[in-house]
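What follows is a structure written as structure tokens; I'll ask about it next.
Computed from the coordinates by the stated procedures, all read-outs in this text should not be read as laboratory data. Model, not experiment: these values are computed from the prediction. Note that we place each Cβ from the backbone using ideal geometry, even for glycine, and neighbour counts take in every protein chain shown.
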Amino acid sequence: MEEEKKEPKGIGGWMILPIIGMFLTILLQLFNAIDILLYYDIYANQALLIWNFAFIILAGGSLICIFKKLRLGRNLAITHYILLIVFSLFAYDIVSLIGGLIWMFYFLHSKRINNTLVN
């Protein structure tokens with residue numbers, strides 16, 4: 001008998017880390033947006049508010065699609081990380097740049113992502 005090679009499938013493994021990161025992104029961006037709305041000039045910080053809400057929408061949409069195992073989750077996550085890379089270039093944030101690149105390539109090339117997000 002030939003043994004079948006088990007492919008990684010389901011939400012688990014390394015996939016847990018970007019999921020945790022997206023939850024944290026939503027929380028941190030919400031706190032940041034509330035801080036701007038309460039204590040700073042909204043008109044002077046419109047661009048920053050737009051960035052905050054874009055991160056919240058993309059991370060939230062990615063999480064919803066990932067937990068529903070929709071293929072769209074992969075594309076939303078990749079878009080989220082591209083936005084993170086662009087933002088980190090403007091902010092000179094090398095840690096976010098490296099993290100965004102790593103997770104973007106993970107979502108592009110992971111067998112677990114391909115086997116889990118199938119609907």
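Would you count, across the chain, every pair of lysines whose alpha carbons are under 15 angstrom apart, provided the pair is eight or more residues apart or spans two chains?
So the count of such lysine pairs works out to 6.
Still on this model: Per-residue ellipticity at 222 nm for the chain, helices alone: DSSP H runs ≥ 4 residues times -39500 (n - 2.57), over residue total, nearest 500 deg cm²/dmol?
One gets -25000 deg cm²/dmol as the mean residue ellipticity at 222 nm.
Further question on the same structure: At most 10 other Cβ atoms within 10 Å plus a DSSP loop assignment makes a site exposed; report the longest stretch of the chain without any exposed chymotrypsin sites (Phe, Trp or Tyr not before Pro). The partial results should precede the final answer.
Working: sites that count: Y43, Y92.
No qualifying site falls inside 44-91, the longest such stretch.
Still on this model: Which trypsin sites (Lys or Arg not before Pro) in the range 34-119 sit in a loop by DSSP (not H, G, I, E or B) and have at most 15 other Cβ atoms within 10 Å of their own Cβ?
K68, K69, R71
Taking all pairs of different Cα atoms in the chain, averaging 1/r and flipping that mean, what Kirkwood radius in angstroms comes out?
This gives a value of 15.4 Å.
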